[in-house]
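Input: a single structure, listed below in structure tokens.
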Amino acid sequence: REPYPVRPVTITSQAVGLTGADDFHAVGHRGQNVRVAVIDLGFDGLAAAQAAGELQNVVHTWNYITGSGNVEGTGQVHGTGVAEIVEDMAPDAELYLLLIGDSVDLENAVQFCLQNGIHVINHSVAWFNTNFYDGTGTIAGFASNARDQGILWVNAAGNYADDGHWQGFFTDSNGDGWHEFSGSDSTNRILVASTDTVSILLTWDDWTASDQDYDLYLYNSADQLVATSARWQSGTQAPVEEIHYRPASDGVVGYTDGFYHIKIRRYSASGPMEMELFVLSQGGQDTRLQYHHPESSIAAPANSPKVLSVGAISYWNWSSGPQAGYSSLGPSNTGLTKPDIAGPASVSNWTYGSFGGTSAASPHVAGAAALLLSEAPERTPGELQVLLETQAIDMGLAGKDNVYGSGRLNLSPSVAPPTYSDPRAYWQFDEGGGTTALDTSGNGNHG
């Protein structure tokens, strides 16, 4: 006999069937002639995924950090998992994997997309302290420029509805200069693992340059100051303060000093400003922010009116909801309803096993857009967004809302896929011996 051939075992997201993408595949619309760029922070494991049969349609990779085509080596597999989902949804779309490390890299990646005929950008990344979460600023500007020049920008809404976000006006009822988060409490407690780094990001509504000066402090549970951000705001500086803190590790995995406490102090400000605070665990642990607001927790550029922002529903709750508890909620700080649509999350993925978060929901929508383009290549980004939102199945409150957007992703091809009778109808069974014989009067697929 000939040697047995080996076949890669690929893993396909459950959402291909849940969203109707398989109906597009059945009528021949598989994303062909569509170029999708995944702009992300890490593509480690790409070669291994390709060897396993995933990501067979990557046509270009570029690392804007090193200036080379090698996009592995950052220690992050995030972009690889994202790209897998795009390919699951649109198997014949051409994938461009673009690795970035900062805003300059992002600008260069967007320029590449504009110069090389990219149709859809997926960006499962959130940017903080680049605007007052109102769709303006540098990062949102890159996305708006891409949309204006014919690229649909699809962005994860973020994962901050259940932890890590607070918003409110500076309040100092006792005149001691410290903000009161609730009543007379001037601290907002968090929990930080000894092996983790926490990022505390504060901004206030005085963009782009502020003369309202506030400072940010972090204390440990013994009320000892461990980190400070006290930038000048004298009229030419951005209204931002940032702390990035890693507890001194004593070799014990766990929490070193119990809780930490965030405090905001007015250094020099003429009036109470509206403030927004994000607290992010770099290791993914729950920070358990004591005073937390789920609403308006969508970061840039997903809060832009020219970005298709995507919330998340775990696939096992796809038909009924609720949305994933972490999925960031709108509105933006201009009152814009966000997200725009909901995509599936916690799906099967070769890189992650189970891939959750709005990072997974977004590429399902980007892949869906590629299918719509392969069906009708003349569709503009605006037409794609309208079609995706109008075909979505409304969930939650009637109409577009700040939880599900226009509803859960739902694809319906212009030409209905073929239907088949039960293939068992074309077989005859020998009840005595258990053998079967093909009934050639049928036309079914017996393969």
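The values are calculated or read from the model by the stated rules, or taken from the named source; none is laboratory data. Predicted model, so just to flag it, every value in this text is computed and none were measured. Quick reminder, even Gly has a Cβ in these numbers, built from the backbone with ideal geometry, and neighbours come from all protein chains shown. Note: accessible area is taken over every heavy atom of the protein model, side chains too, but ligands, DNA and RNA are not part of it. Shrake-Rupley method; radii C 1.70, N 1.55, O 1.52, S 1.80 Å.
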Open item on the list: Multiplying the sequence separation of THR334 and TRP207 by 0.36 nm and subtracting their Cα-Cα distance, what value in nm do you get?
Closed with: 44.4 nm
Task: Dimensionless Rg/Rh of segment 10-65 - Kirkwood Rh, Rg from C-alpha atoms - done: 1.01
TODO: Place the peptides 307-315, 166-174, 99-107 in order of packing, highest mean first, counting for every residue the other Cβ atoms within 10 Å and averaging per peptide.
DONE: 307-315, 99-107, 166-174
Task: Ellipticity estimate at 222 nm from DSSP helix runs (n ≥ 4, -39,500 (n - 2.57)) divided over the chain, nearest 500 - done: -5500 deg cm²/dmol
TODO: Between ALA193, ALA156, ALA90, find the one with the highest GNM mean-square fluctuation for the chain; connect C-alpha pairs within less than 10 Å.
DONE: ALA193
TODO: Could you do me a favour and compute the accessible area per residue for segment 348-397, 1.4 Å probe, result in Å²?
DONE: 34
- [ ] Taking all pairs of distinct Cα atoms, average 1/r, flip it, and tell me the Kirkwood hydrodynamic radius of segment 276-387 in Å to one decimal place.
- [x] 15.5
Task: Among beta bridges that DSSP assigns inside the chain, antiparallel share in %, nearest 5 - done: 65
Open item on the list: In Å², and per residue, what accessible area does segment 8-92 have when probed at 1.4 Å with the other protein chains present?
Closed with: 38
Open item on the list: If the reach is capped at under 16 angstrom between alpha carbons, list the lysines near LYS338, excluding any in the same chain fewer than eight residues apart.
Closed with: LYS306, LYS400
Task: Calculated FRET value between GLN111 and ASP223, using beta carbons and R₀ = 35 Å, to 0.05 - done: 0.10
TODO: Mind ranking 367-374, 330-337 by how tightly packed they are, going by the mean number of other C-beta atoms within 10 angstrom, highest first?
DONE: 367-374, 330-337
Task: Among 238-246, 298-306, the order from most to least packed when residues are scored by Cβ within 10 Å on average - done: 298-306, 238-246
TODO: Can you grab the distance from the C-alpha centre of segment 312-365 to the C-alpha centre of segment 156-215, Å, no decimals?
DONE: 25
Task: Paramagnetic reach from ARG246 in segment 274-304 [backbone N under 12 Å; point 7 Å along Cα→Cβ] - done: 282-283
Open item on the list: What distance in nm lies between label points placed 7 Å from Cα along the C-beta direction at GLN149 and SER348?
Closed with: 4.1
Task: Computed FRET value (nearest 0.05) for TYR267 with GLU2, which takes r as the C-beta separation and R₀ as 56 Å - done: 0.10
TODO: Work out Dmax and Rg for segment 26-131 from the C-alpha atoms and quote the Rg first, both in angstrom.
DONE: 13.5, 45
- [ ] Taking 7 Å along the Cα-to-C-beta vector as the label spot, tell me the GLN76-GLU274 distance in nanometres, rounded to one decimal.
- [x] 2.9
Task: Cut-off 18 Å, label 7 Å out along Cα→Cβ of THR380, residues of segment 86-118 by amide N - done: 118
Task: Portion, in percent, of the accessible area of the chain that falls on carbon or sulfur, probe 1.4 Å - done: 49
- [ ] Measure nothing fancy, just the Cα-based angle from helix 381-391's long axis to the longest principal axis of the chain, in degrees from 0 to 90, nearest 10.
- [x] 70
Open item on the list: Counting only Cα atoms, I'd like the Rg/Rh figure for the chain, Kirkwood definition for Rh.
Closed with: 1.05
Open item on the list: Using only the alpha-carbon atoms, how far is helix 78-89 inclined from the longest principal axis of the chain? Give it as 0 to 90 degrees, nearest 10.
Closed with: 40
Task: Separation in nanometres of the label points that stand 7 Å from Cα toward Cβ, at ALA48 and GLN285 - done: 2.5
Open item on the list: Using the crude model of +1 on Lys and Arg Cβ and -1 on Asp and Glu Cβ, and no other charge, please compute the dipole size for segment 1-102 relative to its Cα centre, in debye to 20.
Closed with: 220
